[in-house]
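J.: Okay, handing you the structure first.
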Amino acid sequence: MTTTKEISIGDIASRGSEAVNKIQSDRMALNVGPSHPTTHGVLRLIMELNGDLIDKCEPVLGYLHRGDEKIAENMTYNQFIPYTDRLDYLAPLANNVAYALTVEKLANLEVPPRCQAIRVLISEMARISSHLLGMGVFGMDAGAWTPFMYTFTEREKLYTLFEELTGARFTTSFTRIGGVARDVPDGWLGRVENFVDDLPKAISEVEKLLTRNRIFLDRTEGIGEISKEDALAYGLTGPNLRASGVDLDLRKDNPYSGYEQYDFDVPIGTRGDCYDRYLVRIEEVLQSIRIIKQVIKNFPTGAWYAEDAKKIFAPPKEKILSSMEELIQNFMIVTEGPQIPSGEVYFEAENPKGALGFYIVSKGGGVPYRMKIRAPSFCNLSILEKLAPGHFLSDITVILGSLDFVMGECDR
Amino acid sequence: MIDDEFSSELMRKYSFLSKRVSVDWLTVECSPKNLVDLLQSLRDQEGFDILIDLTAVDHGEDCESRFSTVIHLYSLVHRGYIRVHSVCSDNDNPIMPSCAEIYPAANWHEREAYDMFGIKFTDHPNLKRILMWDDYPYFPLRKEFPLAGIDTPLPAADVAEVTDASVEPAPMMGGPFVSGASGPMSDSEPRAKDESWTEEMEKGS
């Protein structure tokens, strides 16, 4: 039988500012988080303030640590796909793709053009979804509520498209090693095209509210400037790195999944401040729309999974239920996992938040020996210790919003 | 582009390196004592500007040299990666030189490797746990650490005193859908992990 007991524990909230006692001068210690609206999840910051100025800022991580890397060592490659949803949970489809591509690279497996096109399409849709949230929340951090409503309306439409494709709005788990879970539904591509046709209208509404808004400019221009050298030294990737003027986009540098066929531009910032990071994201959404239109225009026909990878990709259900060989194939893949050769591989994909990398050490068989997840948010946040000092306390919300991180992937 | 010419040139320049077979990027092995110098010249002379990733691998308790670190560097000049392996010589007290001076990005990665594997990075500016709490007694990514976890005191002693709670291992040891890297296939079935019932032992009421 369950019993309930009333307990009282001293002032838990004050435990956060234990650092206060260590400071012996007129400085003030301020604890933000781990549960606080500006930290977009469970990031905790311990700051030392001199009046309104930040003197020191120490991020504390680990509040969302679930041990994904340990879990990965104890399950087959396909079983880990749902866990990748929960890394950058604002763009689960892009994580699914990055993970599947890594394992396929180790297995030296090439997927057919239709599968590649589906993967490019969902990656770009995930990028739009993530950037829409990034922009909206960034506006909100700077005090503008309305843009968030506009961007969230559009995200809702995207989620409906995701649901139609994958069966889930949020945790999609859509890719498989050697393919994707299913082909695109009838008429779905048309609906995606309608969506991207309408999207620029919503983007321009957000832009009208923010881009030349005096208050927004005052709060973001020249705030949180990251020089090119610092951005490289701290291992920033993605829009945050490009906003500092570094031309690094893995879709262009090391094209994967057929990105080389598509024509798109890589927006680069000049100053590396919060405003530049916002502009880069806006432009990336427009470029993603360009890519999506090209993918849909030349959508390849044919197989949507690697048909010859008998030990890696489970055959379609109707074949499993009607043919002995496929039944055995499915049984082996489900129980023993996709058979991946031994070796080590590192692959990273250009995800919305930056370069999401997987380093896999395999000793053969269906289970990785070691998997390291290189999370872009983890690296992007490491610059905070250097970036925050010298800013006003009120700027920290804007800086955090502009870095656009997700704790799910930071803590893993 | 990182091609054969570049890699053989690199191997000639840094004679202490040995090359390793790799399916993707140029992979070299470097002894810990040369690591800092190597990274310094890779950054300043060979154009590897970004430390993309630093991690460690536990090769198993009975392995001769158990721990090694793996560094991935990216070059904007060559638009490619280089992977640097370094093996820790001491299994019981693994030590590796820190490269946080050269690449500030390594700071958090090294803290994570220390947190998860217990590898000590010498001359690291702030070597403490990053994902687990400061007093956590184990190194979770070592191979002998069980997936379910180990019973550990709560990080907050005053809460533990009142609630009598601790950090408990996950229920159903090993988790419901767990496949080991070795062992017979039946081990990977869910029921094999449910220790309340096996072929030898009847299920309790």
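J.: With (1) touching a strand residue (DSSP E or B) at 6+ places or on another chain (Cβ under 8 Å); (2) of a type outside the set (Ser, Thr, Tyr); (3) facing chain A (nearest Cβ under 9 Å) as the list, and B:ILE2 as the residue in question, which single condition is left unmet?
T.: The one condition B:ILE2 does not meet is (3).
J.: What pairs come out if I take residues in segment A:212-235 that are within 14 Å of chain B (Cβ to nearest Cβ) and pair them with residues that are part of a loop (DSSP other than H, G, I, E, B) and acidic (Asp, Glu) whose C-beta lies under 6 Å away, six or more apart or interchain?
T.: Listed pairs, sorted by first residue: A:LEU232/B:ASP49.
J.: Is it true that some residue in segment A:166-173 is outside any helix (DSSP H, G or I) and of a type in the set (Phe, Trp, Tyr)?
T.: The answer is yes, given that some residue of segment A:166-173 is outside any helix (DSSP H, G or I) and of a type in the set (Phe, Trp, Tyr).
J.: Quick one: A:SER204 ticks every box in (1) surrounded by 18 or more Cβ atoms within 10 Å (Cβ to Cβ); (2) modelled with pLDDT of 90 or more except a single one, so which number is it?
T.: Among (1) surrounded by 18 or more Cβ atoms within 10 Å (Cβ to Cβ); (2) modelled with pLDDT of 90 or more, A:SER204 violates only (1).
J.: On to the next question. Can you tell me which condition A:SER382 does not meet? The list is (1) facing another protein chain (nearest Cβ under 8 Å); (2) under 16 Å from A:PHE80 (Cβ atoms); (3) of a type in the set (S, T, N, Q), and all the others hold.
T.: (2)
J.: While we're here: Among the residues of segment A:356-376, write down those that are more than 7 Å from chain B (Cβ to nearest Cβ) and farther than 17 Å from A:THR335 by Cα.
T.: A:LEU356, A:PHE358, A:ILE360, A:SER362, A:MET371, A:ILE373, A:ALA375, A:PRO376
J.: Additional query: For segment B:135-155, give me each residue that is buried (at least 16 other Cβ atoms within 10 Å of the Cβ), touching a Phe, Trp or Tyr at 6+ places or on another chain (Cβ under 8 Å) and among the hydrophobic types (A, V, I, L, M, F, W, C).
T.: Answer for segment B:135-155, where residues must be buried (at least 16 other Cβ atoms within 10 Å of the Cβ), touching a Phe, Trp or Tyr at 6+ places or on another chain (Cβ under 8 Å) and among the hydrophobic types (A, V, I, L, M, F, W, C): B:PHE139, B:LEU141, B:PHE145.
Table: residues versus (1) more than 14 Å from chain B (Cβ to nearest Cβ); (2) assigned to a helix (DSSP H, G or I); (3) of a type outside the set (Ser, Thr, Tyr).
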| site | (1), (2), (3) |
| --- | --- |
| A:ILE71 | no, yes, yes |
| A:TYR89 | yes, no, no |
| A:LEU93 | yes, yes, yes |
| A:SER123 | yes, yes, no |
| A:HIS131 | yes, yes, yes |
| A:GLY139 | yes, yes, yes |
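J.: Which ones in segment A:137-173 are within 16 Å of the chain's Cα centre (by Cα) and charged (D, E, K, R)?
T.: Once the filter is applied, which keeps residues that are within 16 Å of the chain's Cα centre (by Cα) and charged (D, E, K, R), segment A:137-173 yields A:ARG155, A:ARG169.
J.: Same structure, new question: Out of everything in segment A:240-266 that is within 12 Å of chain B (Cβ to nearest Cβ) and among the hydrophobic types (A, V, I, L, M, F, W, C), what residue ends up being nearest to A:ASN380 (Cα to Cα)?
T.: Going through the qualifying residues, I end up with A:LEU241.
J.: Test A:LEU101 against the stated conditions and say whether it is over 18 Å from the mean Cα position of the chain (by Cα), part of a helix (DSSP H, G or I) and either hydrophobic (A, V, I, L, M, F, W, C) or not assigned by TED's automatic domain parsing to the domain that holds A:VAL345 (or both).
T.: So A:LEU101 fails the test.
J.: Pull up segment B:161-188, narrow it to residues that are modelled with pLDDT of 80 or more and touching a strand residue (DSSP E or B) at 6+ places or on another chain (Cβ under 8 Å), then point me to the one that is nearest to the other protein chains (Cβ to nearest Cβ).
T.: My answer is B:VAL167.
The values are calculated or read from the model by the stated rules, or taken from the named source; none is laboratory data. This structure is a prediction, so every number in the text was calculated from the model and none was measured. As a convention, Cβ positions derive from the backbone with ideal geometry for all residues, glycine included, and neighbour counts pool all protein chains shown.
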